[in-house]
Amino acid sequence: MEAFYSWFVVAHLVGLVVFAISHGASAFMSFRVRNERDPVVVDALLKVGGIAVGPMYIGLLLLVVGGLGAAAGANLWGQPWIIASMVVLVVVLVVMWAVASPYYMGLRKALEERGPDGRPTMEPAALAVMLDTRRPEILALVGTVGLVLLVWLMVIKPG
Ligand code: HEM
């Protein structure tokens, strides 16, 4: 494992770059889509967010595998900052899966039904009710605090 330490760190950082580029698209989509009322535009914005999810998970996987490998290579298992990083990541993931995933899945489902012209048949008034949400702020707050905490733990290595 020690021989691969540097490669695990490279994978960890490449994962972070892929994750940040991909998830940035979802983050900006969440704020923009909330102000839209045209079902066609909302649908298009959600599609942009949708294509960013796959690469985001690839980045996340690289991040986690690289991080676990690097920790094993440098014999860091059990260090308080490693445990704390895992706890922070799990908390952010749980919040994302609870607050973001069901909501955006519901929005996509609601827009699935199409008229003969191929446009979503959903009533703009019903869509407006669904779009009136504070979720982007919650996700941005929890996700950004989590990311900053992770960077702090990685650089300062407290404990
Ligand atoms: C450590 C930081 C973060 C992690 C690990 C993370 C992880 C995730 C995961 C796993 C999902 C679920 C994707 C799915 O539906 O399968 C998600 C969704 C989402 N997250 Fe984050 N996230 C983070 C930070 C942020 C930030 C800062 C924002 C800013 C607003 C954000 C906004 C969103 C949005 C809008 C979605 C829904 C995407 C969609 O369904 O199109 N996340 N996140």
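Read-outs: derived from the displayed coordinates by stated rules, not from any lab. Bear in mind that the values here come from a model prediction, so they are computed numbers and not experimental data. For neighbour counting, all protein chains shown are included, and Cβ atoms are generated from backbone atoms with ideal geometry for every residue, glycine included.
Based on C-alpha coordinates, I'd like the Rg and Dmax of the chain, in Å.
Considering the chain through its Cα atoms, Rg and Dmax are 19.0, 63 Å.
Just going by the charge dipole of the chain, with Lys and Arg at +1 and Asp and Glu at -1 on Cβ, which of 115, 69, 104 is farthest out on the positive end?
Most positive-ward Cα: 69.
Select from the chain the helices, each a whole stretch of DSSP H, whose alpha-carbon atoms run 24 Å or more along the helix axis and whose Kyte-Doolittle mean is at least -1.0; answer none if there are none. Write out the running numbers ahead of the final one.
Working: long enough: 5-34 (43 Å, 1.20); 39-73 (50 Å, 1.74); 135-156 (31 Å, 2.02).
Once both thresholds are applied, what remains is 5-34, 39-73, 135-156.
Give the residue from 90, 39, 149 lying farthest towards the positive end of the charge dipole for region 30-159; charges sit on Cβ (+1 for Lys and Arg, -1 for Asp and Glu) and the dipole is referred to the Cα centre.
The listed residue farthest towards the positive side: 149.
Give the Rg/Rh ratio for region 1-42, taking Rg as the radius of gyration of the Cα atoms and Rh as the Kirkwood radius, to two decimals.
Rounded to two decimals, Rg over Rh is 1.38.
At 0.36 nm per residue, minus the direct Cα-Cα distance, what do residue 32 and residue 86 gain on full extension? Give it in nm, one decimal, please.
Full extension from residue 32 to residue 86 adds 16.3 nm.
If I model a spin label at residue 109 and residue 57 as a point 7 Å from the Cα along the Cα→Cβ vector, what separation in nanometres do I get?
1.8 nm
Multiply the residue separation of residue 40 and residue 17 by 0.36 nm, subtract the distance between their alpha-carbon atoms, and state the gained length in nm to one decimal. Don't skip to the answer; put the middle values down first.
On the way: separation 23, 0.36 × 23 = 8.28 nm, distance 3.12 nm.
Full extension of this stretch gives 5.2 nm more.
Just report the Cα centroid separation between region 8-68 and region 126-143, whole Å.
Going from one Cα centre to the other spans 17 Å.
Would you calculate the separation in nanometres between label points at residue 64 and residue 144, each defined as 7 Å from the Cα along the Cα-to-beta-carbon direction?
2.6 nm
Taking K and R as +1 and D and E as -1, what net charge do the other residues with C-beta under 13 Å from the C-beta of residue 115 add up to? Mind showing how you got there, number by number?
Details: positive: 114, 119; negative: 43, 112, 113, 117, 123.
Net local charge, residue 115 excluded: -3.
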